[in-house]
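The values are calculated or read from the model by the stated rules, or taken from the named source; none is laboratory data. Just so you know, these numbers come straight off a predicted model, no measurement behind them. Positions of Cβ are backbone-derived with ideal geometry, glycine not excepted, and every protein chain shown enters the neighbour counts. In case anyone asks, the SASA skips ligands and DNA or RNA and just uses the protein heavy atoms, side chains included. Shrake-Rupley method; radii C 1.70, N 1.55, O 1.52, S 1.80 Å.
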Amino acid sequence: MPTAPAIDEGRLNEFMGRFVGDLGAAISAALVVIGDRLGLYRAMGDSQPVTAEQLASRTDTDARYVREWLSNQAAGGYVNYDPETNTFHLNPEQSVALAQEGSPAFVPGAFQLATALIKDAPKIEQAFRSGSGVGWHEHHDDLFAGTERFFRPGYSANLISAWIPALDGVQAKLEAGARVADIGCGHGASTIIMAQAFPRSSFVGFDYHQASIEHARHAASQAGLAGRVKFEVAPAKEYPGDDYDLVAMFDCLHDMGDPVGAATHVLQTLDADGTWMIVEPYAGDRLQDNLNPVGRVFYGASTLVCTPASRDQEIGLALGAQAGEARLRGVVSDGGFTRLRRATETPFNIVLEARP
């Protein structure tokens, strides 16, 4: 029998320390969602110190539960504790991230997404065994809402100020009045952000998921955009219309079963001088380029959502959320586009501009 390798106690202890941190974060994810839903963070958003009893009174919750929740949050550095006054508070940075939903740093949506995926783990386990897919529509409802709330801050921070200006001539067209299709629009956050910024242009969002389209229509109505923004049920290879000045896809091309077919359809529906904006998760072209905290998040989401979603569709190419620019470039080229460039990037996204 081969001799078992010797254990390096230092490396083992280092790994166990990492494990304890990860376990605490995993368990605390549910508590972030609870705090968000009960308004506990919002009630602390003024950064003033409160006792557990005061916070419970503000939120009509039970003080004993709130005390335990606050203790967990303080241990994780999500709130601060003052032992002299027995009070807790959010500092301004924590408030921006946890209590202010419109903020570009708002994070509870990410935890809502994560806890939804834990609920769906049995479905993904079965997919591992069978090799079959799990459609986007088969996930827990919290995934749809959590995904919107997770991505919306990044879109709010970058879409109008940086991404569209990085595209050749697109901002001027939108300001003058352009026709825009947002494919895989989900709850419509990206579509609505663009429509609010460019009132002379018309926008239509397409998604195959009926429930998401219904949510997007309601959101557009609430934003006062119902007359200028439309949302329709249609898959990426079959959405109607032609001569669009801009077709946009936000964080969804890699989820498609046949992204080459989608690219081909985009080309057929674009104006001759139109632009396809492709926003994808940031990734290098080699696995070793992505072995970092951001890559860990995206590979996890890719295993639990993106790859199963693609496998549930025709062809099932399964690009994955860390496809990288080289693979994306191949998809775009195979779809018939002749020009592609990286227009800009953030630590979380790459923005590609494809032209006929």
Quote the relative contact order of region 1-119 in percent (integer), defining contacts as alpha-carbon pairs under 8 Å separated by 6+ residues.
-> 27
Round to the nearest 10 and give me the degree value, 0 to 90, for the angle of helix 108-119's Cα axis relative to the longest principal axis of the chain.
-> 90
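Would you mind working out the accessible area per residue for the chain, using a 1.4 Å probe, and quoting it in Å²?
Numbers: 17080 Å² over 356 residues.
Per residue, the chain has 48 Å² of solvent-accessible surface.
Net charge within 15 Å of Ala30 by Cβ-Cβ distance, Lys/Arg positive one each and Asp/Glu negative one each, not counting Ala30 itself? Let's see the in-between values first.
Working: positive: Arg37, Lys119; negative: Asp22, Asp36, Glu68, Asp120, Asp142.
With Lys, Arg at +1 and Asp, Glu at -1, the neighbours total -3.
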Throw me the Rg/Rh for the chain, computed over C-alpha atoms with Kirkwood Rh, two decimals.
-> 1.01
Radius 9 Å from Cβ of Asp245, net charge of other residues (Lys, Arg +1; Asp, Glu -1) = -1
Sulfur and carbon atoms: percent of accessible area, region 44-165 [1.4 Å] | 54
Find the relative contact order for the chain and round it to a whole percent, using C-alpha pairs within less than 8 Å whose residues are 6+ positions apart.
-> 12
For helix 141-158, report the angle its Cα long axis makes with the longest principal axis of the Cα atoms of the chain; keep it between 0 and 90° and round to the nearest 10°.
-> 70
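Please compute the alpha carbon radius of gyration of region 1-81, then divide it by the globular-protein estimate 2.2 N^0.38 Å. Two decimals is fine.
1.60
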With 5 Å bins from 0: P(r) over region 1-138, alpha-carbon pairs, percent | 2, 9, 15, 16, 14, 11, 10, 9, 6, 4, 2, 1, 0
Relative contact order, percent, region 96-192 [alpha-carbon distance under 8 Å, six or more residues apart] = 29
Tell me the Kirkwood hydrodynamic radius of region 202-287 in angstroms, computed as one over the mean inverse distance between distinct C-alpha pairs.
-> 14.1
How would you rank 322-329, 142-149, 117-124, highest first, on the average number of other Cβ atoms within 10 Å across their residues?
-> 142-149, 322-329, 117-124
Positive-pole candidate from Ile193, Leu174, Thr51, dipole of the chain, charges at beta carbon = Leu174
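Based on the Kirkwood radius over alpha-carbon pairs, what value in µm²/s does the Stokes-Einstein equation return for the translational diffusion coefficient of region 87-147 at 37 °C and 0.692 mPa s?
Numbers: Rh = 13.5 Å.
Answer, rounded: 244 µm²/s.
Quick one: which of 332-344, 300-312, 129-141, 276-288 comes out on top by average Cβ neighbours within 10 Å, and what's the full order, highest first?
Numbers: 332-344: 16.4, 300-312: 21.5, 129-141: 14.6, 276-288: 19.5.
Packing order, densest peptide first, comes out as 300-312, 276-288, 332-344, 129-141.
Beyond 24 Å, what share of the Cα-Cα pairs of region 58-178 remains, rounded to the nearest whole percent?
The calculated P(r) of region 58-178 puts 54 percent of pairs beyond 24 Å.
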Around Glu101: net Lys/Arg minus Asp/Glu count, Cβ-Cβ under 13 Å | +2
Kindly provide the helix-only [θ] at 222 nm of the chain, computed as the sum of -39,500 (n - 2.57) over DSSP H runs of four or more divided by all residues, to the nearest 500 deg cm²/dmol?
-> -14000 deg cm²/dmol
For region 283-356, Rg(Cα) over 2.2 N^0.38 Å is 1.16
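Please list the three semi-axes, largest first and in whole Å, of the ellipsoid equivalent to region 173-318, using sqrt of 5 times the eigenvalues of its alpha carbon gyration tensor.
Details: eigenvalues 145, 57, 50 Å².
Each semi-axis is √(5λ); the values are 27, 17, 16 Å.
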